[in-house]
Number of protein chains: 4
Amino acid sequence: MQSSGPFSVDRLIRFSDCDPGGIVYFPRYFDLMNALVEDWFYQRLGLDYAGRLMAQRQGLPTVHAECDFVRPSLMGETLTWTLMVERIGSSSITVNISAALDREERLRATLVLVATSLDTHRPIPIPDDLRQAVDTYRSECR
Amino acid sequence: MQSSGPFSVDRLIRFSDCDPGGIVYFPRYFDLMNALVEDWFYQRLGLDYAGRLMAQRQGLPTVHAECDFVRPSLMGETLTWTLMVERIGSSSITVNISAALDREERLRATLVLVATSLDTHRPIPIPDDLRQAVDTYRSECR
Amino acid sequence: MQSSGPFSVDRLIRFSDCDPGGIVYFPRYFDLMNALVEDWFYQRLGLDYAGRLMAQRQGLPTVHAECDFVRPSLMGETLTWTLMVERIGSSSITVNISAALDREERLRATLVLVATSLDTHRPIPIPDDLRQAVDTYRSECR
Amino acid sequence: MQSSGPFSVDRLIRFSDCDPGGIVYFPRYFDLMNALVEDWFYQRLGLDYAGRLMAQRQGLPTVHAECDFVRPSLMGETLTWTLMVERIGSSSITVNISAALDREERLRATLVLVATSLDTHRPIPIPDDLRQAVDTYRSECR
């Protein structure tokens, strides 16, 4: 498990990610961002993303998303995705995401995730283990 | 065909739009926004969205997207989607999109679309028929 | 509400349904079939598809699917989808689905759906109201 | 690169693969099958899946698909996917796909893929390099 610096994953642009114009369909990029957050939980924070949801009934929905799609990406390219934490609040985590082909930037995005109860869909305080893991991650990124 | 006021469509939240938390998975919302733009072309602007792409090799990819997901939406709800044009530039169109259940706002979003050649994936001037249709639409919305 | 003959829905092939080859990506067809089943529940059987799932914790997952994709479909075409019931068992319903452009067949498929408890993911007897609605539908199709 | 025995890939079941019932939404399984075929091309056959499509305008659409979904799969599980070639014809390749959690079978499927021209969407003879790669693969699986 990678243990210092920003969390980063390489991902192939698949046939199913692309539209009739031959480039990534932009909603799929958001899907790939969600996959990045998921991998960050499992592979770097050491937290069970699925278990929190199913067993503990804690959600982490996205309440704000924004993205600049700087250049189009083509099927068959392998992008490098990177996630940085911008801010952690009482219920929310703001992450900055970028994707690049080698050094050519393809997108930069910001997602705001909020910890919620799946029973009420209302915000809850960020659970201690998650806050601690995110704090550790931030210190490793400095 | 509706001919004055903002373009608006009602859409059922489907099983396939929702995640294991029982609410709409946020990338699907962007997919639904793309469908709204598509319907706006066919149903209100009177333009052949598919034909422009396939026959004329003109694309309209999204280069910027941002959205506030104000409240979660549940499977089985029917949201009312509305599209307004904020700005039309030399190559780009900025649209504001909202979705609501009755009067309860669920999201508000902004998309920046850019006219491109599918052969080069580079911006092109907005085609005259598109510019004219968008101008007419804007005047009908006032 | 349509009340005799097979249940049928017209649906536009969207940009998001199509792949870089310009035709419908085959997994999307299965997604469109699931939407057809959903519409059949709401619009013809008069049953609350979402409520059964969320409130009553009854699922209806697909345990077998097969499809012949007879001819490709293109973005911008509007297909007519039709659903017939082949068989209703103690826990399962077998449906035949077809999609066509005018009279030109595009696909024919069979899905086997099984009533389950969402708590155990095990089969349950088909609920009485569903069985009765399906029996009525079958008699209306004859 | 793995060079004998059936081609096999481990894949995490993601949040985005699952439905409000908490299990994999069946159309997503077909999407994952397509990803398996794609990986088989790149990683085992040594063929450029994207390049064939974009540069050579050769498609490989699925003309028949069938699947038994033997047991449901849950978010967070990692399934092992395996692909075997059943038959290679003049224009078509029939593959058998299975997915399992450890030794517990989750699904078995058959896809029939057909080589086509993307300009006409009509079948073409399977290109020589593809036929040869598939023949080699079959001999490595014996």
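The values are calculated or read from the model by the stated rules, or taken from the named source; none is laboratory data. Note that the coordinates shown come from a computational prediction; the quantities given were computed from them, not determined experimentally. Here the Cβ is made from the backbone with ideal geometry for all residues, glycine too, and neighbour counts use every protein chain on show. Protein only, heavy atoms only, side chains kept; ligands, DNA and RNA dropped before computing areas. Shrake-Rupley method; radii C 1.70, N 1.55, O 1.52, S 1.80 Å.
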Open item on the list: How big is the dipole moment of the protein assembly as shown about its Cα centre under a simple scheme where the beta carbon of each Lys and Arg is +1, that of each Asp and Glu is -1, and everything else is neutral? Debye, nearest 20, please.
Closed with: 0
- [ ] Starting from the residue with the highest accessible area, list C:Arg103, D:Arg71 in decreasing order, probe 1.4 Å.
- [x] C:Arg103, D:Arg71
- [ ] DSSP loop (so not H, G, I, E, B), at most 15 other Cβ within 10 Å: list which trypsin sites (Lys or Arg not before Pro) in the range A:22-61 pass both filters.
- [x] A:Arg57
Open item on the list: Output wanted: per-residue J couplings in Hz (rounded whole) for the range C:86-93, from phi through Karplus 6.51 cos²θ - 1.76 cosθ + 1.60, θ = phi - 60°, x for Gly and Pro.
Closed with: 8, 6, 10, x, 6, 10, 10, 10
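About its Cα centre, how strong a charge dipole does the range A:73-126 have in debye, to the nearest 20, once Lys and Arg get +1 and Asp and Glu get -1 at the Cβ? Numbers along the way, then the final one.
Details: 5 positive and 6 negative charges, 41 e Å.
Once rounded to the nearest 20, the dipole reads 200 debye.
Once you list every other residue whose beta carbon is under 14 Å from the beta carbon of B:Ser73, what net charge do they have if Lys and Arg are +1 and Asp and Glu are -1? Spell out each step's value before the answer.
Values: positive: B:Arg11, B:Arg14, B:Arg28, B:Arg71, B:Arg106, B:Arg108; negative: B:Asp10, B:Asp17, B:Asp19, B:Asp31, B:Asp68, B:Glu77, B:Asp102, B:Glu104, B:Glu105.
That sum, taken over residues with Cβ under 14 Å, equals -3.
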TODO: Provide a list, ordered by number, of residues in the range A:36-54 showing at least 10 Å² less accessible area with every protein chain present than when their chain is taken on its own, using a 1.4 Å probe.
DONE: A:Glu38, A:Asp39, A:Tyr42, A:Tyr49, A:Ala50, A:Leu53, A:Met54
Task: Cα long-axis angle, helix B:128-141 against chain B (0 to 90 degrees, to the nearest 10) - done: 50
- [ ] Find, among the residues of chain C, the one whose Cβ sits nearest the axis of the rotation taking C to A; state the distance in whole Å.
- [x] C:Pro20, 3
Task: Per residue accessible area in Å² of the protein assembly as shown, where ligands, DNA and RNA are left out and the probe is 1.4 Å - done: 41
TODO: Mind listing the label-point distances from B:Asp10 to the same position on all other copies, shortest first, one decimal in nm, points 7 Å along Cα→Cβ?
DONE: 1.9, 5.0, 5.1
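At 222 nm, what value in deg cm²/dmol follows for the protein assembly as shown if DSSP H runs of at least 4 each add -39500 (n - 2.57) and the sum is divided by all its residues, to the nearest 500? Walk me through the numbers before you get to the answer.
Values: 12 runs with 136 residues, N = 568.
Taken over the protein assembly as shown, the calculation gives -7500 deg cm²/dmol.
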Open item on the list: Projecting each Cα onto the charge dipole of chain D (Lys/Arg +1, Asp/Glu -1 at the beta carbon, about the Cα centre), which of D:Gly5, D:Tyr29, D:Cys18 comes out farthest on the positive side?
Closed with: D:Gly5
TODO: Let me know the mean shielding of D:59-72 by other chains, meaning the per-residue number of their Cβ atoms within 10 Å of its Cβ.
DONE: 6
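What is the interface area between chains C and D, defined as buried accessible area summed over both chains with a 1.4 Å probe, reported in Å² to the nearest 100? It would help to have the intermediate numbers written out before the result.
On the way: alone 7920 and 7920 Å², together 13710 Å².
Summing both chains' loss of accessible area gives about 2100 Å².
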Open item on the list: For the range C:61-118, take the convex hull of the Cα atoms, compute a quarter of its surface area, and give me that in nm², please.
Closed with: 4.9
Open item on the list: With every atom except the alpha carbons ignored, what do you get for Rg and Dmax of the range B:4-76, in angstroms?
Closed with: 14.6, 42
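Please state, as a whole number in µm²/s, the translational diffusion coefficient that the Stokes-Einstein equation yields for the protein assembly as shown at 4 °C and 1.567 mPa s, with Rh defined as the Kirkwood radius across alpha carbon pairs. Working shown, then result.
Details: Rh = 24.9 Å.
Here the translational diffusion coefficient equals 52 µm²/s.
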TODO: Determine Rg/Rh for the range D:12-51; Rg is computed over alpha-carbon atoms and Rh is the Kirkwood hydrodynamic estimate from the same atoms.
DONE: 1.14
- [ ] Find out how many positive minus negative residues lie around A:Thr116, taking Lys and Arg as positive, Asp and Glu as negative, among other residues whose Cβ is under 13 Å from that of A:Thr116.
- [x] +2
Task: Fluctuation leader among D:Glu77, D:Glu105, D:Glu38 - chain D, Gaussian network, Cα springs under 10 angstrom - done: D:Glu77
Task: P(r) of the range B:87-142 over all Cα-Cα pairs, binned every 5 Å from zero, in whole percent - done: 4, 16, 20, 20, 17, 11, 8, 4, 1
- [ ] Any chance you could get the radius of gyration and Dmax over the Cα atoms of chain A, in Å?
- [x] 15.5, 45
Task: Using a 7 Å Cα-to-Cβ projection, C:Ser92 label spacings across copies, nm, ascending - done: 2.4, 4.9, 5.4
Open item on the list: With unit charges on the beta carbons (Lys and Arg positive, Asp and Glu negative) and the dipole taken about the Cα centre of the range C:38-112, which residue among C:Leu101, C:Gly51, C:Val112 sits farthest to the positive side?
Closed with: C:Gly51
Task: Heavy-atom accessible surface of the range A:31-110: percent carbon and sulfur, 1.4 Å - done: 45
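In percent, how large is the relative contact order of chain D, given Cα pairs closer than 8 Å and 6 or more residues apart? Could the numbers behind the result be given before it?
On the way: 248 pairs, mean separation 40.7, N = 142.
The value is 29 percent.
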